[in-house]
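Student: Before anything else, here's the structure in question.
The values are calculated or read from the model by the stated rules, or taken from the named source; none is laboratory data. Small disclaimer: the values here were computed from a predicted structure and weren't measured. Here the Cβ is made from the backbone with ideal geometry for all residues, glycine too, and neighbour counts use every protein chain on show.
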Amino acid sequence: MADVLVIGSGPAGLCIATALSQRGLTVAGLSSTDPAKPWPNTYGLWADELEALGMEKFLKCRWQKSVAYMGKGMIPLNRDYGLINREMLQGHWLAQSKQDGIEWHVGKAAKVTHGSKRSEVTADDGKTYSARLVVDASGHHPAVVVRSPQLQPIAYQAAYGIIGRFSSPPIEPNHMVLMDYRDDHLPEAERKLPPTFLYAMDLGDDIYFVEETSLAHTPAIRFDTLQHRLERRLAQRGATLQETFHIERCLFPMNMALPDFTQSVVGFGGAASMGHPATGYMVGSLLRRGSDLARAIAQSLETIQTSPAQVAQEAWQALWPSDRLRKYYLYSFGLENLMAFNTYELQQFFTTFFELEQSQWASFLADTATLPEIVQAMLVLFGRTSNPVRWGLMSSVFSHGKLLRRTLTA
Ligand SMILES: Cc1cc2nc3c(=O)[nH]c(=O)nc-3n(C[C@H](O)[C@H](O)[C@H](O)COP(=O)(O)OP(=O)(O)OC[C@H]3O[C@@H](n4cnc5c(N)ncnc54)[C@H](O)[C@@H]3O)c2cc1C
């Protein structure tokens, strides 16, 4: 019997499986897809997030010219952005898995039961897998992790992206556009609809990735709406698509409730609601938090008699200590504000946001700031921004006050 069974072989599954085996634990994996099957998503993050972990070699592309557009003029962000070399990162973790003797099984986890010494996962083909602890890393709609009641209606990030060659550059060459919230390519009536922005990058060799993105909306913005908006944006720029290499349809929930911390299974990644509640980014967080979770699990398993329930309790505490819970509620409050803003207010908000000290907005986006630092940044932003944004923020205190109260009491 393995010490730990990890469900799922996406970024979260491979990250935590290898972090656990590096702690000397015997690990088995169960995934509905072959762990060697290439991950489907394109993962971007700030280069300094990987540098802080000594993992910058996993960057495939890097842009010094990262910018945003919030109306007139370009806002230089002066912070390097990168795309993860997903083949390399996945290959690295698979090689580590092999070296550490992690055995991966292909199968779909359907249910879990717990005894005093072990947990047992049953796959939908009837096969069973036992371990002293189960870590569910099966994504945003987890196989066995149970969540607490949902506080807000589920909002989805949705995006429609194209990797291709165009008749002329769709963005400034050598640039990476984090957010382009300009909407002058849309007819008046469409500008009143929920805002979307362009996320784009020059991949070199005259190839560009352009993606029309809805930060979060309930219900999700439809792909055909996003595609239509992207086409209008490109048409205004005079960039005609000439060759398509890949179409990305991105859809994931942003504000899923936290897991139930009393259950005897632990989650990691999307299954443990680890996506940044205000931005959706998660990969940097996985890389930073995996080793702490692995340490807590390894320590707890050192005692032979510990039950899955006891190990899970300590693991959840390590993954979601109270200061992190407080930040989760504050970020969730922030997301509710962003979803209530129209395009003009979002332009105003983000203009002020990127005028904060870079260390302030950078740590907000990477979720590395402490709660007092986030509060301080928000107060500065509140003081500097426009009256419509201020009014929106104040109204949210009334409509989403319960999230703020949880920030104080979690
Ligand atoms: C298109 C897209 C683009 C994204 N871009 C970024 C980005 O640029 N930067 C960023 O930080 N985040 C990004 N995200 C958000 C987040 O990082 C991803 O959703 C990420 O893939 C989540 O990782 P995960 O390992 O938790 O889940 P997943 O990647 O969804 O992996 C889940 C794994 O579990 C397996 N599985 C599922 N169900 C079962 C089951 N019942 N039994 C066994 N195995 C199962 C699957 O086969 C898979 O191997 C993006 C998300 C999407 C959808």
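Student: Looking at the stretch 278-299, which of the residues that are more than 10 Å from Cys15 (Cβ to Cβ) and among the aliphatic types (A, V, I, L, M) is nearest to the ligand (Cβ to nearest atom)?
Tutor: The extreme case among them is Met282.
Student: Same structure, new question: Step by step: first the residues of the stretch 236-277, then only those that are more than 9 Å from the ligand (Cβ to nearest atom) and acidic (Asp, Glu), then the one that is farthest from the chain's Cα centre (by Cα). Which residue is that?
Tutor: Out of the qualifying residues, it is Glu243.
Student: Moving on. When only residues in the stretch 140-186 that are of a type in the set (D, E, K, R) and assigned to a loop (DSSP other than H, G, I, E, B) count, which is farthest from Phe209 (Cα to Cα)?
Tutor: Asp184
Student: A further question on this structure: What tally of residues in the stretch 119-139 results from selecting those that are surrounded by fewer than 18 Cβ atoms within 10 Å (Cβ to Cβ) and either small (Gly, Ala, Ser) or not in a strand (DSSP E or B) (or both)?
Tutor: Number satisfying all stated conditions: 5.
Student: Then there is this: List the pairs whose first member sits in the stretch 45-68 and is within 19 Å of His175 (Cα to Cα), whose second member is in a loop (DSSP other than H, G, I, E, B) and hydroxyl-bearing (Ser, Thr, Tyr), and whose Cβ atoms are under 7 Å apart, counting only residues at least 6 apart or on separate chains?
Tutor: Leu45/Tyr281
Student: Might you check whether a residue that is out of contact with any helix residue (DSSP H, G or I) (no Cβ under 9 Å at 6 or more places or on another chain) and at pLDDT 95 or above occurs anywhere in the stretch 134-141?
Tutor: No, there is no match, as no residue in the stretch 134-141 is out of contact with any helix residue (DSSP H, G or I) (no Cβ under 9 Å at 6 or more places or on another chain) and at pLDDT 95 or above.
Student: So which residues in the stretch 73-114 are among the hydroxyl-bearing types (Ser, Thr, Tyr) and within 28 Å of Met201 (Cβ to Cβ)?
Tutor: The answer is Tyr81, and nothing else.
Student: Of the residues Gln90, Gln64, Gln96, Gln22, only one is assigned by TED's automatic domain parsing to the domain that holds Phe268 and crowded, with 20+ Cβ neighbours inside 10 Å; which?
Tutor: Among Gln90, Gln64, Gln96, Gln22, only Gln90 is assigned by TED's automatic domain parsing to the domain that holds Phe268 and crowded, with 20+ Cβ neighbours inside 10 Å.
Student: Could you grab me the full set of residues in the stretch 203-240 that are closer than 20 Å to Phe252 by Cβ and hydrophobic (A, V, I, L, M, F, W, C)?
Tutor: Phe209, Val210, Leu215, Ala216, Ala220, Ile221, Phe223, Leu226, Leu230
Student: Where in the stretch 1-85 are there strands (runs of 3 or more DSSP E), lying fully within it, with 1 or more residues that are over 19 Å from the mean Cα position of the chain (by Cα) and either modelled with pLDDT of 95 or more or of a type in the set (S, T, N, Q) (or both)?
Tutor: Output list reads 2-7, 27-31, 59-63, 65-69, 74-76.
Student: Enumerate the pairs (first residue in the stretch 1-27 and within 10 Å of the ligand (Cβ to nearest atom); second residue anywhere and of a type in the set (S, T, N, Q) and at pLDDT below 95) with beta-carbon separation below 9 Å, excluding pairs fewer than 6 apart on the same chain, so at least 6 apart or on different chains.
Tutor: These pairs meet every condition: Gly10/Asn41; Pro11/Asn41.
Student: Let me ask something else about it. Note down all Cβ pairs under 7 Å where the first residue falls in the stretch 266-292 and is within 17 Å of Phe252 (Cα to Cα), the second is within 6 Å of the ligand (Cβ to nearest atom) and among the polar types (S, T, N, Q), and they're at least six residues apart or on different chains.
Tutor: Ala271/Ser138
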